[in-house]
1. Do we have any residue at all in the range 227-236 that's surrounded by 17 or more Cβ atoms within 10 Å (Cβ to Cβ), in contact with a Ser or Thr (Cβ under 6 Å, 6 or more places away or on another chain) and among the acidic types (Asp, Glu)?
2. Among the residues of the range 314-326, write down those that are of a type outside the set (A, V, I, L, M) and either surrounded by fewer than 17 Cβ atoms within 10 Å (Cβ to Cβ) or in a helix (DSSP H, G or I) (or both).
3. Those residues that are modelled with pLDDT under 60 and of a type in the set (Val, Ile, Thr), I need them from the range 1-43; list them, please.
4. Just the residues that are of a type in the set (A, V, I, L, M, F, W, C) and part of a helix (DSSP H, G or I), please, taken from the range 364-401.
5. Could you list all residues from the range 201-245 that are among the charged types (D, E, K, R), over 25 Å from Leu334 (Cβ atoms) and under 28 Å from the mean Cα position of the chain (by Cα)?
6. Only one of these conditions is not met by Ser378: (1) out of contact with any Asp or Glu (no Cβ under 9 Å at 6 or more places or on another chain); (2) farther than 27 Å from Asp282 by Cα; (3) loosely packed, with under 15 Cβ neighbours inside 10 Å. Which number is it?
7. Assuming Phe120 fulfils every condition listed in (1) at pLDDT 95 or above; (2) in contact with a helix residue (DSSP H, G or I) (Cβ under 9 Å, 6 or more places away or on another chain); (3) outside any loop (DSSP other than H, G, I, E, B) apart from one, which condition is it?
Amino acid sequence: MRDIFIGRQAIYDSELKVYAYELLFRSSKTNNASGITNGDQATSTVISNAFMEIGLEDLVGSRLAFINLTSNFFLSDEKPPFSPEHVVLEVLENIKPDADIIEGIQHLSKQGYAIALDDFVYDESLIPLVELADIIKLDMRALGHDGIVEQMEILKPYPVKLVAEKIENQDEFDFCKELGFDYFQGYFLCQPRVVKKRSLSPNRIAILQLLAEISQPDVDVKKLEALITQDVTLSYKLLRYINSAFYSLPKKVESIQQGLVYLGLKTIKMWAYLLSMANIDDKPNELMVTAITRGKMCELLAGHLGVRNSDTFFTVGIFSTLDAMMDMPMNEILNSLPLSTDIQDALLHHEGPAGEILKQVIAYEQGLWSKVNNKGISTDQFTSAYLGALSWADETCKQIN
């Protein structure tokens with residue numbers, strides 16, 4: 001990976017399905033935004049790593065990739081090393097729209113490339129860019145509620161799609177959705193939607209009860225088998241998964257008991273966790289992807305540190321989104337789950353070895369790479385763990401769904 005951090009941030013449609021991913025990049029030399037001061041070098045590195053070393057499909061799957069481009073890319077006569085079907089070219093807010101830039105963007109637009117304007121704030125000088133744009137991104141943090149409304153009014157005459165970015169909670173998402181935004185970007189999905197006096201649905205109560213039973217430290221094979229088999233949907237999905245190409249077992253497994261024999265208590269317990277959480281109603285699939293990615297990345301990083309009980313790190317990672325899944329404060333959820341003090345401290349306060357790793361994983365996920373500074377784990381190991389976790393999570397979710 002040549003000592004770089006590379007990640008992605010989801011862009012959602014109004015139904016919270018993933019429309020695209022914006023590619024994030026950072027050099028690790030100084031571990032902050034100034035790691036590569038030359039914008040062209042930064043963009044070149046993103047493109048090089050995304051398309052040549054890593055593979056765009058491994059990063060974004062079948063979705064679009066938003067890529068930030070600098071002035072020189074729009075001025076270059078060379079054709080971009082990617083097809084228009086897979087990418088959206090982002091024009092950064094600091095690019096001056098002179099005649100040469102406009103001509104370069106116009107040329108790319110005619111070739112079929114979608115053009116997005118990042119961190120847009122209206123100015124008359126930007127009208128030529130607006131007329132070429134397919135997508136315009138408005139920054140919720142910078143503009144605020146009133147500023148967002150003002151910019152939308154200005155842009156009404158133009159046939160562009162609008163992205164509300166840096167959405168940090170569900171209320172902001174609701175506000176922007178009501179205004180008529182097409183797409184939404186930010187970390188709001190991992191925040192619980194707090195509703196006063198909310199009662200849990202029967203679906204969520206049953207899932208919490210099952211998770212509580214599975215989480216018992218002394219749960220044995222027979223007890224786990226009984227818990228799973230009493231839930232017909234969970235049993236069916238678990239058997240279907242065990243018999244999938246993911247494991248390629250020599251003979252068909254026809255019971256949970258057989259599955260426990262072939263795969264062991266630890267693996268079956270893990271899949272019971274995942275499949276139970278996947279059954280939580282009214283939550284988008286991407287939240288599950290986030291949970292699984294965190295769990296696997298925590299587990300992989302624990303392995304780099306030589307930790308023996310890496311399954312504890314996995315549990316901490318996947319449970320880190322339970323508050324958002326259940327729309328309950330984490331401390332209330334943990335009162336219902338017989339988890340160890342170490343796991344509870346990790347989830348509530350990011351304390352202890354697993355909590356510290358979880359904190360680093362969330363920082364990596366959000367592109368806050370200046371906070372990724374855990375001793376004993378190299379940049380390459382962080383990046384490799386992230387990409388490995390993404391791949392595993394995507395494959396796992398395909399099987400679960």
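The values are calculated or read from the model by the stated rules, or taken from the named source; none is laboratory data. In this text the structure is predicted, and so the values were computed from the model without any measurement. No Cβ is skipped: glycine too gets one built from the backbone with ideal geometry, and neighbour counts run over all protein chains shown.
1. Residues of the range 227-236 surrounded by 17 or more Cβ atoms within 10 Å (Cβ to Cβ): 227-228, 231, 234-235.
Imposing the further condition that a residue be in contact with a Ser or Thr (Cβ under 6 Å, 6 or more places away or on another chain) reduces the set to 228, 235.
Now narrow it down to the ones that are among the acidic types (Asp, Glu): none.
No: zero hits.
2. The answer is Phe314, Thr315, Gly317, Phe319, Asp323.
3. Passing the criteria: Thr30, Ile36, Thr37.
4. Once the filter is applied, which keeps residues that are of a type in the set (A, V, I, L, M, F, W, C) and part of a helix (DSSP H, G or I), the range 364-401 yields Trp369, Phe382, Ala385, Leu387, Ala389, Leu390, Trp392, Ala393, Cys397, Ile400.
5. Within the range 201-245, Lys237, Arg240 meet the criteria.
6. (1)
7. So the condition that Phe120 fails would be (3).
Residue-by-condition table, conditions (1) modelled with pLDDT of 80 or more; (2) within 19 Å of the chain's Cα centre (by Cα); (3) assigned to a helix (DSSP H, G or I); (4) not assigned by TED's automatic domain parsing to the domain that holds Arg8:
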| position | (1), (2), (3), (4) |
| --- | --- |
| Tyr247 | no, no, no, yes |
| Pro250 | yes, no, no, yes |
| Leu263 | yes, no, yes, yes |
| Thr312 | yes, no, yes, yes |
| Met328 | yes, no, no, yes |
| Asn331 | yes, no, yes, yes |
| Leu339 | yes, no, no, yes |
